[in-house]
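Below: the structure, in structure tokens.
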Amino acid sequence: MRTSTMSVLFIIWILCTLDLSDSAPDECEDEIERLRAEMKNLEVRLSKQHQLIQRLTNLNQMNERSQGSIYDMGDKQYMDCAQIFKNGNMQSGFYMIKPLLSPTLIRVYCDMTEGGGWTVFQRRSDGNQSFDRDWNDYKTGFGDMESANGEFWLGNDNLHYLTSQDDYTLRISLEDFEGSYRFAVYRKFKVDNEQNHYQLQFGAYTGNAGDALSGSYHPEVQWWASHQGMKFSTRDRDNDRYDRNCAQEDKGGWWFNRCHSANLNGFYYRGPYSAVTDDGIVWYPWHGWWYSLKSVQMKIRPGIFEPNDV
Ligand SMILES: [Ca+2]
């Protein structure tokens, strides 16, 4: 619009200057003035429309983010959520990362609360997803990676890629149906590769949920209830130390021993339950084997994490 108006103005100016038009010079000037005013008016309208489009675009992006859509990080690549956080992105949500060993970019949920920089690899929240899955599902990951509070497993290969590139701290957040919260933190959390059956290693515990993973809450049960050094098992791949199949009986993939004192991928009951086996979402030192938790989150970030050290 602007270009065509300017062209008309220019032609009229030429005609007036050369005095080739039939119009009197005054009429020429009037016409130029009228077109100038019209052009000004169009510019104002155009500017308002640009502002409106920008506002609508912003609103649309905010709406997408609140529904769990991914943040566009441009061409930069990050190996985990800690790097994303240190880069100044402090909004929890989905991001793309590329751990050093990973052949591809992977979509992850970054939890920027509790100090920020947490890469979440497991979430239970409402029983919406089945965790009673086979080896391949646990290898590659499964579940709802779209909703902000969706249930998922990030995948054992991804867990291996992540935890082999640095010393990571694992934080497990637990909630029961009475509105109470507990947490367990383990230093030096590592998951080996598939050839070694995603064997689990972890270091010192801190927290208020009790040390279920090492079974230190009761030395006499450690030989069968500790998860230290355990291989991953699924219903179709029995790597546990039990003469039957823990993953099949306890309805989820996990680092079973004979069988567990923590089973965070178990069946989603609601609080106290009774069943043939202790197959609920269990954290023994807090609620015992016969109470299934309301929500769980498992997440990692580098052991040395100084968010201000950008
Ligand atoms: Ca077995």
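Numbers below:
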item: Subset of region 239-252 [open to solvent by 10 Å² or more (accessible area, probe 1.4 Å) and under 23 Å from Glu175 (Cα atoms)]; result: Lys251
item: Region 276-292: number of residues that are closer than 13 Å to Lys251 by Cα and open to solvent by 40 Å² or more (accessible area, probe 1.4 Å); result: 1
item: Residue that is of a type in the set (Gly, Ala, Ser), closer than 30 Å to Gln248 by Cβ and at pLDDT below 95, where the choices are Ser130, Ser147, Ser164, Ser125; result: Ser147
item: Residues (touching a helix residue (DSSP H, G or I) at 6+ places or on another chain (Cβ under 7 Å) and crowded, with 19+ Cβ neighbours inside 10 Å) located in region 169-189; result: Leu174, Phe189
item: Output for region 215-238, where each listed residue is touching a helix residue (DSSP H, G or I) at 6+ places or on another chain (Cβ under 7 Å), open to solvent by less than 50 Å² (accessible area, probe 1.4 Å) and at pLDDT below 95; result: Gly215
item: Options Tyr269, Tyr273; residue that is within 27 Å of the chain's Cα centre (by Cα) and within 26 Å of Gly179 (Cα to Cα); result: Tyr269
item: Lone qualifier among Asp236, Asp250 - being away from the ligand (no atom under 12 Å from the Cβ) and of a type in the set (D, E, K, R); result: Asp236
item: Residue in region 215-229 that is within 13 Å of the ligand (Cβ to nearest atom) and farther than 15 Å from Leu170 by Cβ present; result: yes
item: Selection from region 132-162 of residues that are closer than 17 Å to Ile97 by Cα, in a helix (DSSP H, G or I) and among the charged types (D, E, K, R); result: Asp157
item: From the options Ser180, Ser173, Ser130, residue that is in contact (Cβ under 8 Å) with a residue 60 or more places away in the chain and among the hydroxyl-bearing types (Ser, Thr, Tyr); result: Ser173
item: Every residue from region 253-275 that is basic (Lys, Arg) and either open to solvent by less than 10 Å² (accessible area, probe 1.4 Å) or away from the ligand (no atom under 16 Å from the Cβ) (or both); result: Arg270
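The values are calculated or read from the model by the stated rules, or taken from the named source; none is laboratory data. What you see is a predicted model; the values in this text were computed from it and never measured. Counting neighbours? That spans all protein chains shown, and the Cβs are built from the backbone with ideal geometry, glycine included. Surface areas here come from the heavy atoms of the whole protein model, side chains and all, with no ligands, DNA or RNA. Shrake-Rupley method; radii C 1.70, N 1.55, O 1.52, S 1.80 Å.
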